[in-house]
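Have a look at the structure below, then the notes.
The values are calculated or read from the model by the stated rules, or taken from the named source; none is laboratory data. Everything quoted here is computed from the prediction, not taken from an experiment. Glycine gets a Cβ as well: all are built from the backbone with ideal geometry, and neighbour counts include every protein chain shown.
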Amino acid sequence: MENGSVAAFGDRIVRNVSRVLVGKDAEIELCVMAMLSRGHVLIEDVPGVGKTMLAKSLSRSLGCAFERLQFTPDLLPADVTGVNIYSPSTQQFEFRQGPIFAQVVLADEINRATPKTQSALLEAMEERQVTVDGTTYPLPQPFIVLATQNPVEFAGTFPLPEAQVDRFLMKVNLGYLDIAHEVQVLDRFQTESPIETLEAVASAEEVVQNQRAVQQIYVDEQLKEYIARLTHRTRSHSDVSLGASSRGSLGLFRTAQARAALEDRDFVTPDDVKALAHSVLSHRVILKPNAELRGLTPAKIVSQILESEPVPALSVVSHFGRRASR
């Protein structure tokens, strides 16, 4: 599949979802990049800004098998993965698949479930398989988890374990709309929700094909080193107790490829890496308590690193004869 078709594919998805979600094209594009990178997305913000609407609209646009999991304190791990049930007719145990066996899984308000239930997603998100009673079951392709959560300061929420957070390729914040866009929402939703008539503009096969195409985007050796340096700086920063993992480096690498493909380029530039550093790295950074008291945030730490780390000056010819320069 040619690189240009990836850009056209992404444009179809963004335009379709933006029929429902007003004024959030940048956030929609981030979700598409994560999907093309075979990654999962954590959408965090206050209630009522469209987190669930974004996840549902994206899943409908992709034309994939979809399941929604409403996370609550009484949800059990078996409610997510499935369970073996004894069948009197066959006198054997039969496995009943849980909602995780879908191509797009919406984990709604994931941090309202207990850490034990949250952890039921760990194997599925990383290895794309589920193990129940010693038997391993593969998950369908593509497999994408779109999770929403309210900020941890809100009542009735449990913080996600670090291992769970690290498995999300990106964290996306929506924020409130300005007045003009909020008026557009009132107009669009006056008679009915646009999501009710939203149709698929892609297929599961197209998603997989475009994921493979993104992996072929050229990344210069200097850019790979730049990505590694950025990630390493989060670990060595004096105000950080836990920095980004190697999974973070790979995530920044993959999403930079996806951004280049969506912009109809077959090579990655330093701007691709810088544009995605906050979305990929910030949620993986845990600050020391005294740093938080001084008003620092993970986003500020990543900004400091981006400002101080030298950007490689590239002049390379991509695999398809185009020149990337900076």
Here, helices (runs of 4 or more DSSP H) confined to segment 230-318 with at least 1 residues that are in contact with a helix residue (DSSP H, G or I) (Cβ under 6 Å, 6 or more places away or on another chain) are 246-262, 270-281, 298-308
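Among helices (runs of 4 or more DSSP H) lying entirely in segment 57-160, which contain 1 or more residues that are more than 20 Å from Arg38 (Cβ to Cβ)?
77-81, 115-118
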Is there a residue being small (Gly, Ala, Ser), at pLDDT below 95, closer than 24 Å to Ala7 by Cα and not assigned by TED's automatic domain parsing to the domain that holds Glu27 anywhere in segment 297-319?
yes
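Okay, residues lined up against (1) basic (Lys, Arg); (2) within 23 Å of Leu306 (Cα to Cα):
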residue	(1), (2)
Ala204	no, no
Gln211	no, no
Arg259	yes, yes
Thr269	no, yes
Going through Ala204, Ala244, Ala180 one at a time, which residue ends up being touching a Cys at 6+ places or on another chain (Cβ under 8 Å), closer than 28 Å to Thr148 by Cβ and small (Gly, Ala, Ser)?
Ala204
Return only the number of the condition from (1) of a type in the set (Val, Ile, Thr); (2) touching a Gly at 6+ places or on another chain (Cβ under 7 Å); (3) closer than 19 Å to Val172 by Cα that Thr234 does not satisfy.
(3)
When segment 175-203 is checked residue by residue, the ones that are assigned to a helix (DSSP H, G or I) and charged (D, E, K, R) are Glu182, Asp187, Arg188, Glu196
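Assigned to a helix (DSSP H, G or I) and of a type in the set (S, T, N, Q): is that true of Gln216 in this structure?
Details: assigned to a helix (DSSP H, G or I): no; of a type in the set (S, T, N, Q): yes.
Here the answer is no, as Gln216 does not meet what is asked.
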Residues that are touching a Lys or Arg at 6+ places or on another chain (Cβ under 6 Å) and either among the β-branched types (Val, Ile, Thr) or under 26 Å from Ala7 (Cβ atoms) (or both): does segment 128-146 have at least one?
yes
Which of (1) closer than 26 Å to Phe9 by Cβ; (2) surrounded by 22 or more Cβ atoms within 10 Å (Cβ to Cβ) does Leu121 not meet, given it meets every other one?
(1)
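So which of Thr72, Thr90 is among the β-branched types (Val, Ile, Thr), in the same structural domain as Glu44 (by TED's automatic domain parsing) and free of Cβ contacts under 8 Å to residues at least 12 places away in the same chain?
Numbers: Thr72 fails: free of Cβ contacts under 8 Å to residues at least 12 places away in the same chain.
Going through Thr72, Thr90 in turn, just one is among the β-branched types (Val, Ile, Thr), in the same structural domain as Glu44 (by TED's automatic domain parsing) and free of Cβ contacts under 8 Å to residues at least 12 places away in the same chain: Thr90.
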Of the residues Leu42, Leu62, which single one is at pLDDT 90 or above, crowded, with 19+ Cβ neighbours inside 10 Å and within 24 Å of Thr81 (Cα to Cα)?
Leu42
Look at segment 147-180 and say how many of its residues are more than 20 Å from Leu281 (Cβ to Cβ), at pLDDT 85 or above and crowded, with 17+ Cβ neighbours inside 10 Å.
1
Which ones in segment 222-235 are more than 14 Å from Ala256 (Cβ to Cβ) and surrounded by fewer than 13 Cβ atoms within 10 Å (Cβ to Cβ)?
none
Mind listing whichever residues of segment 181-219 are of a type in the set (Asp, Glu) and either loosely packed, with under 15 Cβ neighbours inside 10 Å or not assigned by TED's automatic domain parsing to the domain that holds Arg12 (or both)?
Glu182, Asp187, Glu192, Glu196, Glu199, Glu205
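In this structure, does Ala34 turn out to be under 23 Å from Pro151 (Cα atoms), of a type in the set (Gly, Ala, Ser) and part of a strand (DSSP E or B)?
Working: under 23 Å from Pro151 (Cα atoms): yes; of a type in the set (Gly, Ala, Ser): yes; part of a strand (DSSP E or B): no.
So Ala34 fails the test.
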Members of segment 270-306 found to be surrounded by fewer than 21 Cβ atoms within 10 Å (Cβ to Cβ) and within 20 Å of Val219 (Cα to Cα), listed by number:
Pro270, Asp271, Lys274, Ala275, His278, Leu306
